[in-house]
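Colleague: Take a look at this one; I'll ask things after.
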Amino acid sequence: MAGDYYDILGVSRDADKEEIKRAYRRLARKYHPDVNKEAGAEERFKEINRAYEILSEPETRARYDRFGEAGVSSTASPGYQDFGDFGGFAADIFESFFSGFGGGMGTQTAARKRGPTRGDDLRLDLKLDFREAIFGGEKEIRISHLETCKTCSGTGAKPGTRPRTCPTCNGSGQVRRAARTPFGSFTQVSVCPTCNGAGQIIEDKCESCGGRGLRQETKKLKITIPAGVDNGTRLRVSAEGDAGQRNGPPGDLYVYLFVNEDPQFHREGINILSTLKVSYLQAILGSRVNVNTVDGSEELLVPPGTQPGTVLILEGKGVPRLGNPVSRGDHLITVQVDIPTKVSAEERELLEKLAKIRGDRTEKGGIEGFFGKVFGT
């Protein structure tokens with residue numbers, strides 16, 4: 001008696017058609033006789049096909065759910081499932097088992113391998129100072145990448161010699177052999193093992209590159225850093241990656257930028273933040289003070305009665321917009337009021353007089369009431 005078809009596929013009885021199909025595909029790959037040579041694998045594969053044959057069709061599945069094996073005993077005997085409704089699955093299985101058939105994918109792969117191939121892209125991480133990221137400019141970098149060997153011009157052969165055609169594949173870079181499978185007879189195409197798909201054999205290798213046609217070289221480059229870059233900004237430097245094989249085009253260099261922190265300034269988007277410490281008298285009476293910005297020293301007006309935590313703005317002194325350096329953010333300055341813990345006798349006398357004028361109560365040796373009203377602390 002056949003086992004439960006749901007158990008054979010490892011799915012629940014309420015599994016939908018896609019779940020059943022995925023389970024079948026997974027098990028078919030595992031137990032296919034051309035892949036699994038263990039005893040009983042072929043019988044297991046037939047069971048899996050039979051289970052899928054019954055459960056993949058709504059009508060036969062309904063009969064099986066109602067009557068069990070008796071309801072589907074007249075169905076076609078188990079065998080190898082037709083893969084017509086699987087779309088790309090047949091191609092997947094063919095590629096898994098035989099690495100391509102009949103001059104299809106295998107031929108294209110070998111052809112790509114024989115011809116010029118593009119070089120790999122490279123990545124370089126670059127650290128910038130805070131002001132370098134804001135204003136940009138030129139930066140010199142050093143990179144190590146593969147360049148076409150100048151001695152052999154990329155052929156890999158010793159000067160005065162040339163690669164010869166591979167005798168195994170006659171220059172095609174691939175070999176073919178017939179293969180019989182449960183799906184029929186196919187021509188198996190694979191990369192030539194003698195030349196590794198190149199179609200040529202280098203007998204006298206170039207001493208400079210060891211036959212690779214490429215050499216690792218270190219070079220200096222000057223790159224332009226746009227104004228307004230930030231952590232994670234990626235710059236693409238065209239054609240400065242690894243050179244391509246067989247004189248193929250080079251890849252690109254991608255420079256990832258990381259910005260060092262600054263002890264004075266903090267960045268939020270296109271705005272720059274900093275703090276300014278002023279005395280309590282400057283906060284009360286107002287003053288003009290010089291502050292540091294990324295552009296240098298600037299004069300800032302602290303209005304009379306400025307409270308602690310007040311944010312003063314220097315417009316247009318922030319970060320240039322990336323791609324539009326004419327437009328800049330602002331510099332936001334948070335005011336910190338410096339309240340002294342000790343004052344001289346003369347200062348204390350003057351402050352106590354001021355407190356009496358304002359009608360503030362004071363303690364001996366302290367003027368907390370006065371400061372409390374002025375600064376709201």
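Colleague: How high is the relative contact order of the stretch 224-305, given as a whole-number percent (alpha carbon pairs under 8 Å, six or more residues apart)?
Modeller: On the way: 100 pairs, mean separation 15.5, N = 82.
With pairs under 8 Å counted, the relative contact order is 19 percent.
Colleague: Let's test the formula: R0 of 25 Å, r as the Cβ-Cβ distance of ARG358 and SER287. What FRET efficiency results, to the nearest 0.05?
Modeller: Numbers: r = 21 Å, r/R0 = 0.83.
Rounded to the nearest 0.05, the efficiency is 0.75.
Colleague: Taking 32 Å as the cut-off for C-alpha to C-alpha distance, list the pairs among LYS158/LYS219; LYS30/LYS205; LYS127/LYS205 that go past it.
Modeller: From the list (LYS158/LYS219; LYS30/LYS205; LYS127/LYS205), the Cα-Cα distance tops 32 Å for LYS30/LYS205; LYS127/LYS205.
Colleague: Give the long-range amide H neighbours of GLY211: residues separated by 5 or more places, or on another chain, with amide H under 5 Å away, using H modelled in the peptide plane at 1.01 Å from N.
Modeller: Residues meeting the amide H criterion: CYS206.
Colleague: Using 0.36 nm times the number of residues separating ARG348 and SER208, minus their current alpha carbon distance, what extension gain do you get?
Modeller: Contour length minus the Cα-Cα distance gives 41.9 nm.
Colleague: How many angstrom lie between the C-alpha centres of the stretch 160-239 and the stretch 241-318?
Modeller: Here the two parts' Cα centres lie 48 Å apart.
Colleague: I would also like to ask the following. Looking at the calculated P(r) for the stretch 203-321, what percent of the C-alpha pair distances fall above 19 Å?
Modeller: Everything past 19 Å amounts to 67 percent.
Colleague: Determine the order of PHE67, PHE130, PHE135 by accessible area, beginning with the largest, at a probe radius of 1.4 Å.
Modeller: PHE67, PHE135, PHE130
Colleague: Distance from a point 7 Å along Cα→Cβ of THR151 to each backbone N in the stretch 232-263: keep the residues under 20 Å and list them by number.
Modeller: 243-248
Colleague: Report the residues of the stretch 206-243 in range of a label on VAL326: point 7 Å along Cα→C-beta, backbone N strictly under 17 Å from it.
Modeller: 227-228
Colleague: Can I ask one more? At a Förster radius of 56 Å, what calculated FRET efficiency corresponds to the Cβ-Cβ distance of ILE143 and ASP65, to the nearest 0.05?
Modeller: 0.30
Colleague: Which lysines have a Cα less than 29 Å from the Cα of LYS356, not counting those fewer than 8 places away in the same chain?
Modeller: Counting by Cα, and skipping residues close in sequence, LYS356 has these lysines nearby: LYS277, LYS342, LYS364, LYS373.
Colleague: Can you compute 3J(HN,Hα) from phi for each residue in the stretch 155-164, using the Karplus curve 6.51 cos²θ - 1.76 cosθ + 1.60 with θ = phi - 60°, rounded to whole Hz and x for Gly and Pro?
Modeller: For the stretch 155-164, the Karplus curve yields 7, x, 9, 4, x, x, 10, 9, x, 10 Hz.
Colleague: Hey, can you grab everything whose amide H is under 5 Å from the amide H of ASP252? Only 5+ residues off in sequence or another chain; H modelled, so Pro and N-termini drop out.
Modeller: ASP121, LEU122, ALA239, GLY241
Colleague: Setting aside same-chain residues fewer than 8 positions from LYS220, which aspartates and glutamates have a Cα under 18 Å from its Cα?
Modeller: ASP121, ASP125, GLU138, GLU140, GLU147, GLU240, ASP242, ASP252
Colleague: Just to confirm a number: summing +1 for Lys and Arg and -1 for Asp and Glu over residues other than ALA133 whose beta-carbon lies under 15 angstrom from that of ALA133, what do you get?
Modeller: In short, -2.
Colleague: Given all pairs of different Cα atoms, what value in angstroms does the Kirkwood hydrodynamic radius of the stretch 189-241 take?
Modeller: Value: 15.9 Å, from the Cα pair sum.
The values are calculated or read from the model by the stated rules, or taken from the named source; none is laboratory data. Everything numeric in this text was worked out from a predicted model, so none of it was measured. Heads up, the Cβs are rebuilt from the backbone with ideal geometry, glycines too, and the neighbour counts pull from every protein chain shown. Only protein heavy atoms, including side chains, enter the accessible area calculation; ligands, DNA and RNA are left aside. Shrake-Rupley method; radii C 1.70, N 1.55, O 1.52, S 1.80 Å.
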